[in-house]
Structures are given as structure tokens and as C-alpha cells.
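Worksheet: one structure, shown below.
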Amino acid sequence: MTTVRAVIYDGTPGGIEVADVELAAPRPGEVEVAIVAAGVCHSDLHVIRGEWVIPLPVVLGHEGAGTVTALGAGVTGLAVGDHVVLSWVPQCGTCRQCGLGRPWQCETAARVAATGVLYDGTSRFSRNGTMLHHYLGVSSFAERVVIPASGAVKVRSDAPLDVIAIVGCAVATGVGAVRNTAAVEAGATVAVIGLGGVGLSCVQGARLAGASRIVAVDVNPAKLAVAIRLGATDTIDASLADPVEQLRDAVPEGLDYIFDAIGRIETTEQAIRALGPGGAAVIVGLPPTGARASFEPLVLAEANQRILGSNYGSVDPRTDIPLLVDLYMDGSLDLDELVSGRRPLAEAVAALADLEAGRTLRTLLVN
Ligand SMILES: [Zn+2]
Ligand SMILES: [Zn+2]
């Protein structure tokens with residue numbers, strides 16, 4: 001048992017605290033990781049707004065990178081000192097979904113996420129004898145974590161951990177939605193609604209896929225400017241006029257793919273309504289539990305359109321995360337533009353407030 005600093009949320013309004021907690025040693029199949037940097041994501045905000053119900057109290061954070069500091073029994077393929085990016089789908093490799101080649105839908109990892117404990121049904125975090133839950137099997141807002149070994153993805157040691165931390169959620173989700181879920185073809189016309197860390201990763205995924213048009217949509221001119229630097233061919237300020245009309249005017253031949261990287265009802269409905277013939281709307285951003293969007297089935301059928309859900313960019317973390325790190329290191333993928341700042345772990349509350357207010361893209365909490 002070691003004592004580490006961690007960010008705890010107890011379920012009450014404003015109930016976030018940075019405190020010392022106890023971390024137990026890794027059990028069989030688990031590893032301990034010293035977190036170097038952890039990204040602050042909207043999925044952390046959903047929890048503290050009460051929009052998603054998860055087991056509480058919890059150690060927040062689900063995006064991060066660090067170095068392996070201890071191995072539980074039976075762990076192979078990892079060694080102390082390895083650089084790892086954390087995955088919030090620590091796939092089991094043996095369930096039906098893993099067997100079908102869909103590790104991002106792993107049933108065991110889904111149970112870990114829903115119950116807030118690790119594979120064996122227990123937590124490694126506690127405080128004064130009270131159990132604390134893991135968030136998505138990661139809980140990266142801590143100095144050290146213990147996670148399933150499959151959630152620690154080994155990456156090359158020359159990549160800066162305080163940049164590639166964001167690959168584990170935002171970048172995998174955004175680039176993966178384009179390359180894997182939608183499988184955007186070269187020459188396709190693409191729009192991305194919402195330009196946070198995920199949306200700007202969709203823009204970059206579309207650029208990598210060779211899309212002929214990449215229309216970036218947001219209400220923040222600064223984010224529109226970033227999108228142009230990352231490969232967008234056009235921008236639309238959704239605050240000026242109906243974004244659906246603006247999208248149709250911008251690409252009169254029709255949009256083949258529209259990514260909703262926000263996940264509000266109106267943006268999901270906009271993504272569906274603005275599609276061209278044969279197009280696909282891809283839901284990447286996540287709404288509160290229970291939210292309902294609507295569409296006109298006749299239009300969808302007659303235009304042969306599709307609505308696709310994308311979970312974790314349909315990535316296999318073990319292969320896609322190292323690949324995305326390689327793309328960053330060879331200059332094909334810009335991650336530095338997505339990292340808007342770094343703060344010590346103790347400033348987690350301020351970092352979450354900045355994200356809530358739309359002042360930041362991705363803040364990294366560093367140890
Ligand atoms: Zn996230
Ligand atoms: Zn599985």
C-alpha cells in the first residue's frame with residue numbers, strides 16, 4: 001500500500017477534492033503506472049455534472065500516459081520502465097466482442113466501466129479504509145494508478161508522454177471515428193461539428209484519409225482557426241446562421257460524412273439533416289444519459305443515408321495507439337496544437353472549469 005495524490009469526486013455539487021489516497025499493489029494481470037500526464041476530457045465533466053451515473057466516490061480521469069512501475073503476477077509483454085498510454089477499454093481478449101474483432105466493445109471492459117472496479121470486482125484505491133472507485137478502469141487523475149495490464153499500451157520511449165497522453169481518448173476517438181468507424185474514402189466530402197480535442201482529431205483523421213473537403217463547424221472563431229491549421233478546407237461559424245443551411249451551401253454536391261463531435265441533440269440532428277445523398281452521420285460526441293434525437297426516416301431511406309455510432313473510434317488500442325504515436329512522431333499528426341496547456345494535478349478543479357467554459361481544448365494535468 002502506497003499513498004498517492006488523486007482527484008476524488010464524491011457525487012455532491014462541487015464535490016471534487018485533491019487528496020492523499022491509498023493505492024494497493026497490482027494483483028495478477030494488473031500493472032502499476034506512474035502517471036506523467038493526464039488529459040481533462042468532457043467525459044469527466046459529464047460525471048461531475050451528474051449527467052452520467054457511475055459508482056461513487058471515484059478517482060476521476062480516463063486519459064493519460066506514464067511509465068510502468070510494478071507488475072502483478074502473470075503479466076507478459078510489459079516491463080518496469082516501459083512507456084505506456086492508458087486505454088479506457090482494457091480489453092479481455094476472450095469475450096464474444098473481442099472474439100469478433102471488436103475490442104472497443106469488450107464486454108469485460110464494459111463491466112469494469114459500469115461497476116467502477118477492476119476485473120476481480122475490487123478496487124485498488126481507498127481512503128481511510130473507504131473504497132474509492134476507478135473511473136473507466138483508468139483513474140488517471142492520480143500520481144499512480146493500478147489498472148488491468150491490457151489498459152497499459154506500450155509505446156515508443158522517444159515520444160513525449162506529456163503530449164501523447166491525449167492519444168488515449170481524444171485522438172483515438174476522433175481519428176478512429178474517421179478511419180475505422182466511417183472508413184472515409186479519399187476524395188470524400190466531410191464536415192465536423194464541434195472542435196474540441198475529439199473534433200479536431202476528426203479533422204486530422206479526414207486530412208489523413210485524403211478527404212477532398214473538410215468543413216469545420218463551431219461557434220468559437222479561435223477553434224475555427226485551429227481547424228484550418230490542422231487541415232480543414234472550410235469553416236462555418238454556427239452562431240451566425242443555421243449551420244445546416246451553411247453546410248448545404250458550402251458543399252452543394254453533398255456531404256458524404258458528417259461527424260457530430262459534440263453530442264448535443266441539436267448537433268446530432270444537424271449532422272443527420274445536412275447529409276448529402278448516400279451520406280453517413282457519425283455520432284462521436286456523447287450526450288447525457290436518456291437524451292433523444294429525431295430524424296425523418298423517409299428522407300433517410302430515400303437518400304440511402306446512414307447513422308453510425310462510434311465508440312472509442314472503433315480502435316484496437318494495442319495496435320491503433322502505437323500507430324497514432326508514430327504518426328505524431330513522423331509529423332503526420334499534430335498533437336501539440338491540441339494541448340492548450342499543462343497544470344499540476346492540484347489544479348484539476350480549475351482545469352475542469354476551463355474546459356466547461358470552453359476556454360481550453362485539452363489541458364494536461366502533470367505530475
Ligand atoms: Zn475522454
Ligand atoms: Zn473482451
All conditions in (1) buried (at least 23 other Cβ atoms within 10 Å of the Cβ); (2) more than 14 Å from the chain's Cα centre (by Cα) are true of Asp120 except (1)
Counting only residues that are more than 16 Å from ligand 1 (Cβ to nearest atom) and either of a type in the set (A, V, I, L, M) or under 15 Å from Gly137 (Cβ atoms) (or both), region 99-108 contains a total of 6
Among the residues of region 207-249, the number that are farther than 23 Å from Arg179 by Cβ and hydroxyl-bearing (Ser, Thr, Tyr) is 1
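Can you report the number of residues in region 167-184 which are outside any helix (DSSP H, G or I) and more than 10 Å from ligand 1 (Cβ to nearest atom)? Explain how you work it out, then say what you get.
We begin by selecting, within region 167-184, every residue outside any helix (DSSP H, G or I); these are 169, 182-184.
Subsequent filtering for residues that are more than 10 Å from ligand 1 (Cβ to nearest atom) retains 182-184.
Residues flagged as outside any helix (DSSP H, G or I) and more than 10 Å from ligand 1 (Cβ to nearest atom) within region 167-184 amount to 3.
Tell me the residue from Val85, Val47, Val40 that is within 11 Å of ligand 1 (Cβ to nearest atom), in the same structural domain as Val21 (by TED's automatic domain parsing), at pLDDT 95 or above and not aromatic (Phe, Trp, Tyr), please. Outline the logic, then answer.
Details: Val85 fails: within 11 Å of ligand 1 (Cβ to nearest atom); Val47 fails: at pLDDT 95 or above.
On inspection, the qualifying residue turns out to be Val40.
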Of all strands (runs of 3 or more DSSP E) fully inside region 1-96, the set with 3 or more residues that are among the charged types (D, E, K, R) is 16-23
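Anything in region 120-153 that is of a type outside the set (S, T, N, Q), assigned to a loop (DSSP other than H, G, I, E, B) and without any contact (Cβ under 8 Å) to a residue 12 or more places away in the chain? List them, or say none. Even if it seems obvious, please write down each step before you answer.
Filtering region 120-153 down to residues of a type outside the set (S, T, N, Q) leaves 120-121, 124-125, 127, 129, 131-138, 141-149, 151-153.
In the following step, the residues that additionally are assigned to a loop (DSSP other than H, G, I, E, B) were identified as 120-121, 124, 129, 135-138, 141, 143.
Answer for region 120-153, where residues must be of a type outside the set (S, T, N, Q), assigned to a loop (DSSP other than H, G, I, E, B) and without any contact (Cβ under 8 Å) to a residue 12 or more places away in the chain: Gly121, Gly129.
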Residue hits (region 195-208; surrounded by fewer than 23 Cβ atoms within 10 Å (Cβ to Cβ) and either in contact with a strand residue (DSSP E or B) (Cβ under 8 Å, 6 or more places away or on another chain) or not assigned by TED's automatic domain parsing to the domain that holds Val284 (or both)) are Arg207
Going through (1) over 22 Å from the mean Cα position of the chain (by Cα); (2) within 16 Å of ligand 1 (Cβ to nearest atom); (3) not small (Gly, Ala, Ser) one by one, Pro90 fails only at (1)
Contact list, first residue from region 48-62 and more than 11 Å from Tyr135 (Cβ to Cβ), second anywhere and in a loop (DSSP other than H, G, I, E, B), beta-carbon distance below 6 Å, six or more apart or interchain, is Glu51/Pro288
Screening Val315, Val349, Val299 for residues that are over 17 Å from the mean Cα position of the chain (by Cα), hydrophobic (A, V, I, L, M, F, W, C) and outside the structural domain of Thr181 (by TED's automatic domain parsing) leaves only Val349
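So that you can scan it fast, the table gives a plain yes or no per residue for (1) under 21 Å from Trp52 (Cα atoms); (2) outside the structural domain of Ala216 (by TED's automatic domain parsing); (3) among the small types (Gly, Ala, Ser); (4) surrounded by fewer than 15 Cβ atoms within 10 Å (Cβ to Cβ):
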| site | (1), (2), (3), (4) |
| --- | --- |
| Pro252 | no, no, no, yes |
| Asp260 | yes, no, no, no |
| Glu266 | yes, no, no, yes |
| Arg273 | no, no, no, no |
| Gly279 | no, no, yes, no |
| Thr289 | yes, no, no, yes |
| Phe295 | no, no, no, no |
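The values are calculated or read from the model by the stated rules, or taken from the named source; none is laboratory data. Fair warning: this is a prediction, and the values are worked out from it, not measured in the lab. Neighbour counts are summed over all protein chains in view; Cβ atoms, including those assigned to glycine, are modelled from backbone coordinates with ideal geometry.
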